[in-house]
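Only one structure is covered here, and it is reproduced in the block below.
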Amino acid sequence: MLTPEISAFVGKSISYTAPEPVGKASIRYFAMAIGDANPLYTDDDFARKHGYSGVIAPPTWICETNQYAGLPMDADGYAGHLWKIEVPNTRLVRGGNDYHFHQAIVEGDVITATWVIDSITERTNSKGLKMITMFSTATYTNQKNELLATNTESLIWSEIPR
């Protein structure tokens, strides 16, 4: 299952820089969508009283790559980052994410996201089916090259029983 072509993805990286600065509307709508009424996300005066220049984004806002990757939608309507690694006769699932948020995202920030594939391994599960696990790290910075967040993600391709 783990071919030399798939193994060659280790170490590859890709970066996207947002086509426009972070805006208040995007922050407000994201906060509403996740049901978070924290006034830091909607009220400039409140945010200023707490040491910010204005509203800040909820931490997980940065993880929604479709808003700044500028990629076309795929057949499923997804417009975010994908590695497009094809592993025949498998199902792909997300294994998990390990987020670390370093500083607030503020209105006007221009986000750059850089992904690097850290490792790709193969193993056999308890049912005797092969699995490939890939770990990648995304690093998010602003226009000042300040670290905003990191996300280590695992993707798992699991062999489909025949």
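Every number here is computed from the coordinates shown, using simple stated rules; none is lab data. On a predicted model such as this, the values are computed, not experimentally measured, just so you know. Ideal geometry is used to build each Cβ from the backbone, glycine not excepted, and the neighbour counts take in all protein chains shown.
If neighbour count is taken as other Cβ atoms inside 10 Å, put Val87, Val110, Val93, Val55 in order from fewest to most.
Ranking Val87, Val110, Val93, Val55 by Cβ neighbours within 10 Å, fewest first, gives Val93, Val110, Val87, Val55.
Lys144: which lysines have alpha carbons under 20 Å from its alpha carbon, excluding same-chain residues fewer than 8 sequence positions away?
Straight-distance partners of Lys144: Lys24.
Would you list which lysines come within 17 Å of Lys84, measuring only between C-alpha atoms, while excluding same-chain residues fewer than 8 positions from it?
Within reach: Lys12.
What's the Cα-based Rg to Rh of the range 98-162, Rh via Kirkwood?
In the range 98-162, Rg relative to Rh is 1.21.
Using the Cα atoms as the points, what is the convex hull volume per residue of the chain in Å³? Please list the in-between numbers first.
Values: hull volume 22.0 nm³, N = 162.
Looking at the chain, the number lands at 136 Å³ per residue.
For the range 1-78, which semi-axes, largest first and in whole Å, follow from the square roots of 5 times the eigenvalues of its Cα gyration tensor?
35, 14, 12
Using only alpha carbon pairs under 8 Å that are at least six residues apart, calculate the relative contact order of the range 3-158 and give it in whole percent. Let's see the in-between values first.
Working: 290 pairs, mean separation 41.1, N = 156.
Here the relative contact order equals 26 percent.
Once you have all Cα-Cα distances for the range 56-137, histogram them in 5 Å bins from zero and send the whole-percent values.
Answer for the range 56-137: a P(r) of 3, 10, 18, 21, 18, 13, 9, 5, 2, 1, 0 percent.
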